[in-house]
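Nothing in this text is a laboratory measurement; each read-out follows from the coordinates by a stated rule. If you're wondering where the values come from, they're calculated on a predicted model, not measured in any experiment. All Cβ positions, even for glycine, are placed from backbone atoms using ideal geometry, and neighbour counts span all protein chains on display.
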Amino acid sequence: MGFVNDTHMSQFIPASAIARSAGTWTPTIASNLTSDVRTANDSSFTLLIPVPVPSNASTLKGAYLKSIDVFYKIATADADDFASVALDKITLPVPAAATGSAFTGASVAITQDAYHDSAAERKAIGNHTMTVSLSAPTWVDDNDAYMLSCVVDAAATTAFSLYGARANYTLRV
């Protein structure tokens, strides 16, 4: 039996797997490209991006989560704001724990790439690949889950297209 230590693993997260808090979204296929397109509306919405990577109860095994890329396009008009990008770690109750044990959440320190490290850059018209890096990459325990959230305040004519996201990690099994 072999050992795997692949430092260049990634997991694509399709737009259909990303929850959106508000607005009218239309799954779209155009020029062999799938996306979810939001109808222009002067309001805020939140993207809730699950990070589905292999977890493991053993120390230094499973996924060593390093970063998440978010693929989107803003057209017609800049958004009013794109100030909030946050990564949360959700700790699940231990299965052997007594009934009623609680879920817990904690904020994870992150940074964005040089082209998306300010709201002005994130909200601008254009095709975007925003890389959100964990300040301290981590091994994903079997009782942990990660969720990236992005809050966008669209202008009245902001056209927002969501293509998906990608988790980048080392896989060790």
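The three principal axes of the C-alpha atoms in the chain carry coordinate ranges of 53, 39, 30 Å, sorted with the longest axis first. When you restrict to C-alpha pairs under 8 Å that are six or more residues apart and normalise by the size of the stretch 5-172, the relative contact order lands at 43 percent.
Legend: translational diffusion of the stretch 76-160 by Stokes-Einstein, Rh = Kirkwood radius over C-alpha pairs, 20 °C, 1.002 mPa s; D = 143 µm²/s.
For Ala83, the amide hydrogen comes within under 5 Å of the amide hydrogens of Asp153, counting only partners 5 or more places away or on other chains and with H modelled in the peptide plane. Restricting to DSSP H runs of at least four residues, report the calculated mean residue ellipticity at 222 nm for the chain, -39500 (n - 2.57) per run over all residues, nearest 500 deg cm²/dmol. Helix contribution divided over all residues of the chain: -500 deg cm²/dmol. Take the Cα of Val151, step 7 Å toward its Cβ, do the same at Ala86, and the gap between the two points is 0.7 nm.
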